[in-house]
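Please read the structure below before turning to the comments.
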Amino acid sequence: KIGCPMKEEMIQCSICEQSVLGGFQNDHSIVLAANHMVAQRQANMTLVHEMIHAFDQCRARVDWCDCRHHACSEVRAAALSGPYIRP
């Protein structure tokens, strides 16, 4: 079995001041920006994108300060989550 458990409470919707749709946090949780989502499809794609980062962190122990690691995870997440929809 590959991966780490993702408990329901590790995914949160919050009001975000930055112009972002979501993010994978240092504590391995996922935040979706409730005030920037305009469609369910956008929320779904953002959640998939951030879950790919969570999987990469669990499986590959990504060093987010290493630009190569970070870029690789971003490319994977972008390719696997679908087209970007602006906030």
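In the range 6-23, which residues are free of Cβ contacts under 8 Å to residues at least 60 places away in the same chain, of a type in the set (A, V, I, L, M, F, W, C) and open to solvent by less than 40 Å² (accessible area, probe 1.4 Å)? 16 - this is the single residue of the range 6-23 that is free of Cβ contacts under 8 Å to residues at least 60 places away in the same chain, of a type in the set (A, V, I, L, M, F, W, C) and open to solvent by less than 40 Å² (accessible area, probe 1.4 Å).
Conditions (1) under 16 Å from residue 23 (Cα atoms); (2) outside any loop (DSSP other than H, G, I, E, B); (3) of a type outside the set (Ser, Thr, Tyr), marked per residue:
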site	(1), (2), (3)
42	yes, yes, yes
45	yes, yes, yes
52	yes, yes, yes
56	yes, yes, yes
70	yes, yes, yes
73	yes, yes, no
76	yes, yes, yes
84	yes, no, no
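Restricting 62, 38, 31 to residues that are surrounded by 14 or more Cβ atoms within 10 Å (Cβ to Cβ) and part of a loop (DSSP other than H, G, I, E, B) narrows the list to 62. Please verify whether residue 48 is open to solvent by 50 Å² or more (accessible area, probe 1.4 Å) and in contact with a Ser or Thr (Cβ under 8 Å, 6 or more places away or on another chain), treating the condition exactly as stated. In short, yes.
Of all residues in the range 6-24, none satisfies the criterion of being at pLDDT 95 or above, in a loop (DSSP other than H, G, I, E, B) and within 11 Å of the chain's Cα centre (by Cα). Among all positions in the range 43-51, there is no residue which is over 14 Å from the mean Cα position of the chain (by Cα) and within 15 Å of residue 80 (Cβ to Cβ). Sub-9 Å Cβ pairs linking a first residue in the range 54-67 that is more than 13 Å from residue 27 (Cα to Cα) to a second residue that is loosely packed, with under 15 Cβ neighbours inside 10 Å and of a type in the set (Val, Ile, Thr), at least 6 apart or interchain, are 55/2; 59/2, ordered by first then second residue.
The values are calculated or read from the model by the stated rules, or taken from the named source; none is laboratory data. Here the structure is a predicted model, which means the values were calculated and not measured. Neighbour counts run over all protein chains shown; Cβ positions are idealised from the backbone, glycine included. Please note that ligands, DNA and RNA were not included when accessible areas were found on the heavy atoms of the full protein model with its side chains. Shrake-Rupley method; radii C 1.70, N 1.55, O 1.52, S 1.80 Å.
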